[in-house]
Structure formats: C-alpha cells, structure tokens
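What follows is a single structure, written as structure tokens, with notes after it.
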Amino acid sequence: MNTKFVEEAESFLEQHPDIREFDLLLPDMNAVFRGKRIQREKLISIYKKGFYFPASVFAMDVTGETMEETGLGFKSGDQDIPCYPIPETLKVVPWRKERGQLLLRMLEPDGSPFFGNPREVLHSVCKKLSEFGWKAMVAVEIEFYLVDPKRRPGQPPLPVFSRLTGQRETEGQLYSLSSLDAHELFLKDISEAAIIQNIPADTALAELAPGQFEVNLHHVPDAVLACDHAVLLKRIIRSAAQNHQVEATFMPKPYPDQPGNGMHVHLSLLDKEGQNVFQGSDDSGSPELRHAVEGIRSVMAESMLICAPHANSYHRFQSGSYAPVNMSWGYNNRTVSIRIPANNGPDMRIEHRLAGADANPYLLVSALLAGLHYGLITKTEPPAPVGGNAYLQTDTELPLTWEQARNHFDHAKILPEYFGKEFCLLFSNLKLGEQIRFMSTIAPLEYDWYLKTV
C-alpha cells in the first residue's frame, strides 16, 4: 500500500463532500471502458486493497461478448485479477455532480503488469525509448459525428437538427464557423468538462460532412498520459452529446458517401536535454526524422489491425476521402499516411493519419513508437517523399481488408519484439473471434443480391 496514494483519496473526499459514488474505469482491448460503480465509503478500501476484475475484460469484443478464442474466458476459469488506482486520475464527473471517476490498472498477483492490458504495452514500449534517453511528445486528434439517437435497426443514423435552422443538417463545410455556432453549447460543455478533468483539449473544428467535428488535444511529453487524455475525451464527448439529446459516434465510416472518422497522432521525440530530435537545419528535419518515418512505415502493414480493428474500419479507406490508402509519406501533404506538418524548428513532428477513430489509442501509439524506435536503431532511409496526390500511388503493401490485416499481424516480425508474443496472440485471437462472430450474420444486401438470382 502506498500511503501517498491513500492521502490522494482522503484529500479528494474532503474537498468533495457532495460526491456519493465513483465509476471505476478500465479500458479494454478496444478502449471501451469497462468498470463498476462504488459508493463513497468504498473508495479508501480500493486505494488500500485494490479491486478485482475478471481478466476476461481483455477478451471482450466490441459488443462486450467474451471471445473464448483468447483463452481468458472459461478455459482459464474466468479468473479475477486485482486492479489498483492509477495516481492522479481521481476526478469529478462534470455531467454528474454527485459522481467521481477513477482509472484502474490490472496487475498480476506478484505485482507485475497484466500482460493483456494495452496501457501496459505502451508503458513497456516507452521504457525501450527511455533506455536511449528519449521521451515521446504525443497528441491525439479525434473525429466524430453527431447523429440522431433515434435510428431504425440496420439503417444508417440520421443527421442531427441544427439549432440555428431547426432543420436536419444535410451539408457540411470544412472549418465552417456556422457549424460551430449551431452546436456551440455542446462544444462548450466539452471544453468545460475537459478543464475540470485536466484534459488539455484544444481546437474544435467542423469537418467536411454534416455534423462531423474534430477535437484536438495538446501535446504532452508522456505517451501514456496522452492516450489517457484521448480515451477520457471520448467519454466526455459521448456524455456531452447525450446531455444535448444527440449521439456522438466514432464509427469509422457511418455513411458510405461521406468522409470517415479518423484518429490522427502527432508525435515528436525529446532527448535528455529536452531538445526535439526531429529538428534539423532546414524544414526537411533531421536524419532521425527520416529514420523514424521509415521505421513507422516498416510496421505499417503489421499494425493495420490496430489502426483498423473492426469490420467497418475498412470502408473508410477510399481514394480521395482524406483517409490514406497506402504507405506514403510527405511534407505538408494531407493525402499521405505519414505527414510532416509545415514546420522548421522545435515543433517539427510526425503526423500519422492512417488510423480510424475506433482504434485503441494505447495500441496505436505503441505501434507508432515501436516503429519509430525500430527506425532509429536500424537507421534505414525512407523512399522519396510524395509531393503531390498520394492517392495516385499504386503500392499494394497495405492490407485493406479485415482478414488480410489480421494475417499481416499474425506474421509480424517487428511488433512482437515490442508488444510481447503473448499479447500479440491474445489480440489476434480476440479479433479472430470477433471476425467469426461478425461473419456468422447475413447482411440484408445478401438477400437482395442472391435470394432470387443465383
């Protein structure tokens, strides 16, 4: 028991006498929060003794079903594993004034990190970077749609009504201020909740499609903390939407004829003196920047299952859709997968644009930092940067189906050295179970195409 941690809880309870209950939060393999709600009187005990959750939390698919293919369900007796509070994550829930929340981490009985927790995978990758005196500076950008919560089963969601016009939104414009005005109160609630929870949410902007927005997070010199910010921001966005009688969706491609939702990651690398390793003598950056780019390209096919973890993820990859479709990179070019934003100085960084908003931030950043580390130690050079339309490139190195992506992950050479082979097997088997379950259903289109024809 760490006395300092207990003092954190005691101080919080003293400062917030009106809070009566707490949500215990544990992000699963899909970064979906699983947890329990406890009463105020139980909080100190959680800090002193921990709290038990089944290991099968990390065997759940996106619908909450345990995938027996993982071996964490009945095969292992569906065992409980102790979980403990993560320091400095005890916060007020702004949309429920009588409630607090707390992030947990799962530990083995001997105190070592539980192998199946994506957050612990990221910890281990960051440790490899620290052995060279490097620290990642990370920020996440998340896109989402606001939709009408009333939806007919099997049908696409309807756009929300505009507060300004009273009509359903049918058009969108990138950077539209009128779209921000139409949802001003919703966006204000996000900003205020983020401030209360000490989440560095920054810019909000309207995207191309009606009801689509992006919220950006500030860079922080702690990759794990940056991912904590990302998953907690999604929780805030969903809750703010519910309070405004709409629904926020991070589904990668909710509409076939509109842009999808992406999760972009900005990252740079600091040395022991706090200097940006990617900064060079001109706007092309340092040799280390190019090595990092090639390292990330080296794991891009292996990590596609992480960037696009679900069936719907692959609808997002369409030419001309602002979602990249190949392993391209370039300077100040939004058609590539790995973009180097326009900079010449300490803000020189990499922007990874491939992943959908359904990606688990912990696993996504783990894959990017693993690739970055691999590139820096192998010192390999990337091909020439793309200066024009990267959609015109025809490389076939990137798997663009769910099954192909899992196959590439299963045959990965680099990621298992960073993630651990046991974790990789767990993640692959989870996705195998999810794929089998998804393919066991018959889509309505199949009846339209095949029932009377074949």
Item to check | Pair list, Cβ < 8 Å and 6+ apart or interchain, from region 135-162 residues that are not assigned by TED's automatic domain parsing to the domain that holds GLY262 and surrounded by fewer than 18 Cβ atoms within 10 Å (Cβ to Cβ) to residues that are charged (D, E, K, R) and assigned to a loop (DSSP other than H, G, I, E, B) | outcome: none
Checklist entry - Hey, any hits in region 3-16 for a residue that's without any contact (Cβ under 8 Å) to a residue 60 or more places away in the chain and not in a helix (DSSP H, G or I)? => result no
Item to check | So LEU372, is it crowded, with 24+ Cβ neighbours inside 10 Å, modelled with pLDDT of 95 or more, assigned to a helix (DSSP H, G or I) and in contact with a His (Cβ under 9 Å, 6 or more places away or on another chain) | outcome: yes
Checklist entry - Does any residue in region 367-382 that is of a type in the set (A, V, I, L, M, F, W, C) come within less than 7 Å, Cβ to Cβ, of a residue that is in a loop (DSSP other than H, G, I, E, B) six or more places away or on a different chain, and which pairs are these? => result ALA367/VAL299; ALA367/SER303; ALA370/VAL299; ALA370/ILE414
Next on the checklist: Looking at region 435-449 only, could you name the residues that are out of contact with any Phe, Trp or Tyr (no Cβ under 9 Å at 6 or more places or on another chain) and either at pLDDT 95 or above or closer than 22 Å to THR66 by Cβ (or both)?
Outcome noted: ILE436, ARG437, MET439, SER440, THR441
Checklist entry - Do you know which of the residues in region 329-342 that are touching a strand residue (DSSP E or B) at 6+ places or on another chain (Cβ under 8 Å), at negative phi and assigned to a loop (DSSP other than H, G, I, E, B) is modelled with the lowest pLDDT? => result ALA342
Checklist entry - If MET1 satisfies every condition in (1) modelled with pLDDT of 95 or more; (2) of a type outside the set (D, E, K, R); (3) surrounded by fewer than 17 Cβ atoms within 10 Å (Cβ to Cβ) but one, which is the exception? => result (1)
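Is it the case that some residue within region 80-101 is without any contact (Cβ under 8 Å) to a residue 12 or more places away in the chain, more than 24 Å from the chain's Cα centre (by Cα) and more than 19 Å from ILE196 (Cβ to Cβ)? Spell out the reasoning first.
In the first step, residues of region 80-101 are kept if they are without any contact (Cβ under 8 Å) to a residue 12 or more places away in the chain; the result is 96.
Retained after the next criterion (residues that are more than 24 Å from the chain's Cα centre (by Cα)): 96.
Next cut, more than 19 Å from ILE196 (Cβ to Cβ) only: none.
Within region 80-101 (the criterion being without any contact (Cβ under 8 Å) to a residue 12 or more places away in the chain, more than 24 Å from the chain's Cα centre (by Cα) and more than 19 Å from ILE196 (Cβ to Cβ)), the answer is no, since none of the residues qualifies.
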Next on the checklist: List the residue pairs whose Cβ atoms are under 6 Å apart, where the first residue sits in region 34-52 and is of a type in the set (Ser, Thr, Tyr), the second is crowded, with 17+ Cβ neighbours inside 10 Å and not in a helix (DSSP H, G or I), and the two are 6 or more positions apart or on different chains.
Outcome noted: TYR47/PRO85; TYR52/PRO82
Checklist entry - Going through region 375-433 one residue at a time, which ones are more than 21 Å from LEU289 (Cβ to Cβ), hydrophobic (A, V, I, L, M, F, W, C) and modelled with pLDDT under 95? => result LEU392, LEU398, LEU400
Checklist entry - Which is over 16 Å from TYR362 (Cα atoms), surrounded by fewer than 20 Cβ atoms within 10 Å (Cβ to Cβ) and small (Gly, Ala, Ser), of SER56, SER124, SER45? => result SER45
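Yes/no matrix, rows are residues, columns are (1) under 24 Å from ASP28 (Cα atoms); (2) not charged (D, E, K, R):
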site	(1), (2)
VAL231	yes, yes
MET251	yes, yes
PRO256	no, yes
LYS272	no, no
ASN276	no, yes
ARG297	no, no
Checklist entry - What are the residues in region 178-221 that are of a type in the set (Val, Ile, Thr), part of a helix (DSSP H, G or I) and buried (at least 18 other Cβ atoms within 10 Å of the Cβ), if any? => result ILE190
Checklist outcome for this item: Within region 65-81, the residues that are outside any helix (DSSP H, G or I) and among the acidic types (Asp, Glu) are GLU65, ASP78, ASP80
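Quick one: which residue in TYR391, TYR418 is over 29 Å from ALA31 (Cα atoms), surrounded by 15 or more Cβ atoms within 10 Å (Cβ to Cβ) and hydroxyl-bearing (Ser, Thr, Tyr)? Walk me through it before giving the result.
On the way: TYR418 fails: over 29 Å from ALA31 (Cα atoms).
Criteria check complete, one pass: TYR391.
Is it the case that some residue within region 87-106 is in a helix (DSSP H, G or I) and either within 28 Å of ALA240 (Cβ to Cβ) or touching a Cys at 6+ places or on another chain (Cβ under 7 Å) (or both)? Even if it seems obvious, please write down each step before you answer.
First, pick out the residues of region 87-106 that are in a helix (DSSP H, G or I): none.
Scanning region 87-106 turns up no residue that is in a helix (DSSP H, G or I) and either within 28 Å of ALA240 (Cβ to Cβ) or touching a Cys at 6+ places or on another chain (Cβ under 7 Å) (or both).
The values are calculated or read from the model by the stated rules, or taken from the named source; none is laboratory data. All of these numbers come straight from a predicted model, not from anything done at the bench. With ideal geometry, Cβ positions are generated from the backbone for all residues, glycine too; neighbour counts draw on all protein chains shown.
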